[in-house]
Amino acid sequence: MDEKSNNSRLLIALVMVVLFGVIVLQYVCPSSDCQLLHLGSLSKSRDSAPQSLSGGVDGANSGTGGDPYVAEDGALSRFVPRFNFTTKDLDRVIDFNINGDDVIVFLHIQKTGGTTFGRHLVRNIHLERPCECHAGQKKCTCYRPGKKETWLFSRFSTGWSCGLHADWTELTNCVPAKMGVHEPPETQKPPSRNYHYITILRDPVWRYLSEWRHVQRGATWKASVHWCDGRAPTLAELPSCYSGDDWSGCSLEEFMACPYNLANNRQTRMLADLSLVGCYNLTAMSDHERGAVLLESAKRNLRRMAFFGLTEYQRKTQYLFEHTFRLAFIAPFTQLNGTRAASVEVASETQRRIRQLNEWDVELYEYARDLFLQRFQFARQQERRQARERRQQARRRLRTKGLPWLGMGAKPTERPGRPQQPEAESNPSQSQPPSEEKLDDLNTGSWEESEAQSEESWWDVEENDSIEDYMENVEQW
């Protein structure tokens, strides 16, 4: 008996220990993507080579110490802000007047999913006067309601009017003059337009690999003008990386070896004011000084932009655009998986070299993602706060009006033919107003249900954060 009793006590003790461990684990790791459970696989993935880049952002960053925003399975983990932004930087809501003179200008950076986003702008926004897109035509007509004036300056509305993949320096000097050309003569006047610049960014390693695969297939951007300070760069300032018509068939090593390759730090260069560094004249200052000036300029311009999105967060990108411009998309954005760049196996040493070649873009992207996620959280908190204020106002109106069936306000009138029942003096609770909790249960169920539905909306679903090449996946749209 004593032995059985000891065994029972031991079994109970083991069960208690297991339950205690489960409870502690829930506090330490409340989500299913706890990084503590993947430390072993993380260390193995860092030591293995070659590595496949099909794992998403972490695959690209695995050789550099991991990513604090992304867990092993690609889901958004607990977000810890790195940068301090002002309320003005985070509270980004534009009073976009589509009926007036406001214009959205899309700065399209190569291989960031800009083709897909550009098509969303002309085909997928719910408008009083939708853009007119016809089969076989590359451009759509996006006029304001009741006017023959365009409200969108982009590849699929006005074409490459300022040059193929024009950058910040080109667009800011070109768009105001070009806008008058795209409008009828009777409306050509110098209106005080508001130009709202937007763009899409992408993880630098994946964007770089995607551009290499694109060039490897024979694509070029030779038609780009690179206009800066009133002129295009000379051949000595911007030499070519290849001698033939294109660079088709180039290896990744050849692609990385060219010191004049514009793929290097492309996002930083296209978002910065190049006139600050002498445009494409590399002798104006040292490489270190040039990089610091360009990076600070790109951060400043990105922060002041009306909106920017990230390829890795399609649904949050859609949500922030709708929140910023008060425009609604018809169909939700989709996070696609499986791209040409994702199928490339790249050794960790090669990944390190790519990050070195794109060190400005790496720092810019970390800054952009921090700002992006802080804006998303700020917007969601604003929505919850406004929902609470609406519920509180409704409760105050109900308390002021009173509820006759609960003994508040005016007494119900006596029905003919039926004597009014006397009030029970022994139950004082009937003459007291109900508590706020009871009011909530009886009168605010619809608001609570509405907020619950809002909390479970599509933008709160944690999308797969693997990197996608949107331009390649939906080119046949």
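What the table below lists for this structure:
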{"item": "Residue ID - surrounded by the fewest Cβ atoms within 10 Å (Cβ to Cβ), chosen from residues in the stretch 150-188 that are modelled with pLDDT under 95 and charged (D, E, K, R)", "result": "Glu186"}
{"item": "Index of the failed condition, Val293 passing every other in (1) outside any loop (DSSP other than H, G, I, E, B); (2) over 30 Å from Ala347 (Cα atoms); (3) over 32 Å from the mean Cα position of the chain (by Cα)", "result": "(3)"}
{"item": "Condition met for Arg388 (farther than 24 Å from Phe79 by Cβ, assigned to a helix (DSSP H, G or I), open to solvent by 70 Å² or more (accessible area, probe 1.4 Å) and out of contact with any Ser or Thr (no Cβ under 8 Å at 6 or more places or on another chain))", "result": "no"}
{"item": "Criterion: in contact with a helix residue (DSSP H, G or I) (Cβ under 8 Å, 6 or more places away or on another chain), free of Cβ contacts under 8 Å to residues at least 40 places away in the same chain and within 18 Å of Phe325 (Cβ to Cβ) - qualifying residue of Phe117, Phe156", "result": "Phe156"}
{"item": "From Ala257, Ala219, residue being of a type in the set (Gly, Ala, Ser), modelled with pLDDT of 95 or more and over 27 Å from the mean Cα position of the chain (by Cα)", "result": "Ala257"}
{"item": "Qualifying residue in the stretch 135-149 (condition: open to solvent by less than 60 Å² (accessible area, probe 1.4 Å), closer than 30 Å to Tyr367 by Cα and out of contact with any Gly (no Cβ under 9 Å at 6 or more places or on another chain))", "result": "no"}
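A quick yes/no check of all residues on (1) closer than 23 Å to Ala272 by Cβ; (2) modelled with pLDDT of 95 or more; (3) open to solvent by 20 Å² or more (accessible area, probe 1.4 Å); (4) of a type outside the set (Lys, Arg):
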position	(1), (2), (3), (4)
Lys299	yes, yes, yes, no
Arg326	no, yes, yes, no
Gly338	no, no, yes, yes
Ser343	no, no, yes, yes
Glu359	yes, yes, yes, yes
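The values are calculated or read from the model by the stated rules, or taken from the named source; none is laboratory data. Keep in mind it's a predicted model, so treat the numbers as computed, not measured. As a convention, Cβ positions derive from the backbone with ideal geometry for all residues, glycine included, and neighbour counts pool all protein chains shown. For accessibility, only protein heavy atoms count, side chains too; no ligands or nucleic acids. Shrake-Rupley method; radii C 1.70, N 1.55, O 1.52, S 1.80 Å.
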